[in-house]
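What follows is one structure encoded as structure tokens, with my remarks underneath.
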Amino acid sequence: MAQDKYVIGLDYGSDSARAVIVNAFTGQEVASAVKYYPRWIEGKYCDAVKDQYRQHPLDYVEVMEFIVKDSLAKAGPGVAENVVGMSFDTTGSTPVFVNEEGIPLALLPGFEQNPNAMFVLWKDHTAVKEAAEINELARKWKIDYTAYEGGIYSSEWVWAKVLHVLREDEAVRKAAYSWIEHCDWMPALITGKQKPLEVVRSRCSAGHKAMWLESWGGLPDEDFLTTLDPLLKGYRDRLFRDTYTSDAKVGNLTPEWAQRLGLTTNVAVGVGAFDCHMGAVGGEVTPNVLARAIGTSTCDIMIAPYEEIGDKLIAGICGQVDGSVVPGYVGLEAGQSAFGDIYAWFKRVVAWPVENILAKTSVVDAETRAKLVDEVMDQIIPQLSIEAMKIPVEESTIIAVDWMNGRRTPDASQEVTGAIAGLKLGSTAPRIFRALVEATAFGSKAIVDRFAREGVKIEGVIGLGGVAKKSPFVMQTLADVLNMPIKVARTEQTCAFGAAMFAAVVAGVYPKVEDAQKAMGKGFEKEYQPIADNVKMYAQIYQKYVKLGQFTEKEM
Ligand SMILES: Nc1ncnc2c1ncn2[C@@H]1O[C@H](COP(=O)(O)OP(=O)(O)O)[C@@H](O)[C@H]1O
Ligand SMILES: O=C(CO)[C@H](O)[C@H](O)COP(=O)(O)O
């Protein structure tokens, strides 16, 4: 019998990263490990009031070493030496400035504590002004470089972010040579191909976030960038012309990284991509099916055959890119800038006395106090869900809008804000929580409706990600609001699993990712069916959501 071969999929989410070791022949999950980013979880380098969210490169490196070694230890003997491939997915656009050697500036002396020298996380919205300038210039330019990115450039994306940091920070400006996305830096680091012009760049990040298009000759031309701001002079030449889909190999693990991770230099490392794109692959996406990674945010992915999409431009989404999901298809991306993050925000609001009064009380000893606080914090969302679920839909008289972190799709605007209306003295925490869950579902419906309006047929919905797994309440509400059945992917870590499928292709186990999907895929664990009575009621409540959104967009 042939020796088993193993692959590792690494998924870098907003708060934590996980590694999954998978048998490349059978798709059996052998072991996994997860770890929160240590500096991030302490709230370092972030300022929510300013919409500033930065992540230190050391968080990514330390977590990688831990999760790979921990999962290998759990896998037991005979696995490490037979790992043949490794691929990454990360959040995005999450770029960092690097020096000529490709080293993120925060790893250099003098920059260790400078948030501008760190990765600018996708949800950082400090570059709203720069995004508006990009949109204004693109409208007037001979080529509308935003055309394949839904027609609106967002402050979540790389050019807005790098321009903002260049303007804000003279020290970074002087030290910076180029920039790199998180999904490209991880493979570059461990294969020793870190120099900016040697980095094998992802089609997914370049196409969806950097206005890269093959037929334009790659990135927007120098003239466009320097008209935007002369500070961008020379960057285009210090970046890339070509990009690669995730079935391509970056290189092999270097001896140093093989040793640090407990693997061998036989490990082939694949081109990275964004979490939801690999998640869609792990969730076995097919044409006309919307795969939704539902976690902190949502990222909604579809794939379309060339002959179906042709030259059609889909307005108001986060881009359509050849090969960004499955090579050989156009990948379409949309999403909500906050989904589970809205529940997390409400949890922080209701938990204010827990974190600020209970956490300081002297009524109990320190150990008991810490346990109490932890237990209350952990139980808030699950308990609110249980209570909110008991409220009949017809009593859903509180209406909320889900733009607490801006609106990613349809029609990106990070300037819009969230809202809660219809409050009364009887509006309890579970009732408000229910309204927030409904608002996140209504935000999803706005996306589905936009795809339909643009002529993209959706025949099925797949749910993956933390919320899809953890919350039957949210998923049932979503099925009712969308009036569509939703299948939930069986694999525990669908994004990491998708990365593992790509790793199997990169390592030569399968010629195409579709073959890896067939052999390794685990199917679905559950299907939520819309409940007809709820569907009718939500169709009416949705109109109120739309009106409230129009009001806040205009007046707030
Ligand atoms: N029981 C729950 N019901 C609904 N949402 C939840 C629940 N538990 C956690 N969440 C939300 O899940 C989100 C994290 O999703 P997850 O997919 O695990 O992470 P990430 O988005 O970083 O990949 C958080 O925003 C959190 O508020
Ligand atoms: O915008 C993205 C991809 O284009 C982000 O990577 C994604 O939304 C991150 O979210 P999460 O933490 O929910 O996985």
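For the range 477-556, what Kirkwood radius comes out of the mean inverse Cα-Cα distance, in Å?
One decimal place: 15.8 Å for the Kirkwood radius.
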From the cross-link list Lys487/Lys544; Lys457/Lys526; Lys161/Lys554; Lys5/Lys74, the entries with a Cα-Cα span beyond 18 Å are Lys487/Lys544; Lys457/Lys526; Lys161/Lys554
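May I ask for the percentage of alpha-carbon pairs in the range 179-233 that lie more than 18 Å from each other?
Of all Cα-Cα pairs in the range 179-233, 43 percent lie more than 18 Å apart.
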Of every Cα-Cα pair in the range 381-436, the percentage lying beyond 13 Å is 62
Eigenvalues of the alpha-carbon gyration tensor of the range 276-424, times 5 and square-rooted, give semi-axes in Å, largest first, of 40, 19, 14
Rounded to the nearest 10 Å², the 1.4 Å probe accessible area of Ile399 is 20
Free-by-geometry Cys in the chain, Cβ-Cβ under 4.7 Å as pairing rule, reported as Cys46, Cys183, Cys204, Cys318, Cys495
Semi-axes (Å, rounded, descending) of the ellipsoid equivalent to the chain per its C-alpha gyration tensor are 34, 28, 26
Looking only at aspartates and glutamates whose Cα falls under 15 Å of Lys522's and that sit 8 or more positions away or on another chain, we get Glu29, Glu284, Glu492, Glu514
If every Lys and Arg gets +1 and every Asp and Glu gets -1 at its Cβ, then about the Cα centre the range 420-462 yields a dipole, in debye to the nearest 20, of 180
Rounded to the angstrom and largest first, Cα extents along the principal axes for the range 1-74 equal 58, 19, 15
Straight-line reach check, Lys536, cutoff 13 Å on alpha carbons, 8 or more apart in-chain or any other chain, hits among aspartates and glutamates -> Glu394, Asp480
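The values are calculated or read from the model by the stated rules, or taken from the named source; none is laboratory data. The model shown is predicted, which means the values in this text are computed figures rather than measured ones. No Cβ is skipped: glycine too gets one built from the backbone with ideal geometry, and neighbour counts run over all protein chains shown. Keep in mind that these areas ignore ligands, DNA and RNA; they rest on the heavy atoms of the full protein, side chains included. Shrake-Rupley method; radii C 1.70, N 1.55, O 1.52, S 1.80 Å.
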